[in-house]
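See below for the structure under consideration.
Each value in this text was obtained by applying a stated rule to the coordinates, not by laboratory testing. Treat the numbers as computed from the prediction; the structure is a model and nothing was measured. So basically every Cβ, Gly included, is an ideal-geometry build from the backbone, and we count neighbours across all protein chains shown.
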Amino acid sequence: MVIHGHKTLLVRCHICGRMRVYNLNIFGISKEEEIEYKCICGETNVSIKTMDYETYWLKLNCFACNQKHIYRYNLKELLQKDKFIFCGNKLRVCFIGKEEKAKELIDEDIVDFEKLLKKSGFDNYVENLKILGKCLKKINKLNKEGNIGCDCGSNSVVIEVFSDRVELNCLNCNSRQIIYAETEEDLEVLMRKEKILMHKHSIAYIDSIIEKNKNTKEK
């Protein structure tokens, strides 16, 4: 019987929203040493440690609820099967397992944004939840492809969600991109974007009304 201690760890950054893939060597974790897995934006997404090589403690900064969760596993649990880690609202927020399965999950995306918004209580006061969910999915796709950044040279961007819009904030220069997500027209404007480039120390908008006015002036 061959026991493989090398696993793939898949998690979304709770600050910038990027999906991150890490190599986890379970047998390479030293006793009483906490191993941290950081995003390229500098934030720690996950850490893991063991005190006795039998019990492993995993700390997760959760993208879905913005809280820190602590999970306890024994060595057998980590080694035997692919494992999904869930937030308290039943959303899958992390994966530990085979590399092949991790690649499949990246393609399908482990987070259902519309479900996430419902679980977060957004459906209580957001009329167009589907539009907001689709906007988040598009923004996530651009982010994953490396097509969101700032001309200050940084691509460390925080994604914030509001009832009528999504805001992107550059961690380096504090520039802001406000993306409205209230109507089908707002969604259409965003879906045509192949890249979002913020401008240093400035605020910009992606909005169907602004787009319509711009097109009218051009005519």
Stretch gain in nm, segment Glu167-His199, where the contour uses 0.36 nm per residue and the Cα spacing is subtracted: 10.1 nm
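Taking only C-alpha pairs under 8 Å that are 6+ residues apart, what is the relative contact order of region 6-108 in percent? Don't skip to the end; give the middle numbers.
On the way: 195 pairs, mean separation 25.7, N = 103.
Relative contact order of region 6-108: 25 percent.
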With a/c under 1.5 counting as rounded, go ahead and sort region 1-46 into rounded, prolate or oblate using the C-alpha gyration tensor (a ≥ b ≥ c being the square roots of the eigenvalues; past the cut-off, prolate if a/b is larger than b/c, else oblate). oblate
Sorted by chain and number, the residues with a modelled amide H under 5 Å from that of Glu182, at a separation of 5 or more or across chains, are none
Expected vector for region 146-163, Karplus 3J(HN,Hα) from phi with 6.51, -1.76, 1.60 and θ = phi - 60°, integer Hz, x for Gly and Pro, equals x, 9, 10, x, 10, 6, 6, x, 9, 10, 8, 10, 8, 9, 10, 10, 10, 5
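What ranking, highest mean first, results for peptides 29-38, 14-23 when packing means the other Cβ atoms within 10 Å averaged over each residue? Could you put the intermediate results ahead of the total?
Details: 29-38: 12.5, 14-23: 19.0.
The densest-packed peptide leads the list: 14-23, 29-38.
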Label-reachable residues, region 50-68, where backbone N falls under 11 Å from a point 7 Å from Lys31's Cα toward its Cβ: 51-54
Above-threshold pairs, the threshold being 18 Å between Cα atoms, out of Lys137/Lys193; Lys81/Lys101; Lys49/Lys103; Lys141/Lys195; Lys103/Lys144; Lys49/Lys76: Lys49/Lys103
HN-Hα couplings for region 179-190 via Karplus (6.51, -1.76, 1.60; θ = phi - 60°), in whole Hz with x for Gly/Pro, come out as 10, 6, 9, 9, 10, 4, 5, 4, 5, 4, 4, 5
What nm value, rounded to one decimal, do you get for the distance between Glu184 and Ile40 when each label is placed 7 Å out toward the C-beta? 3.6 nm
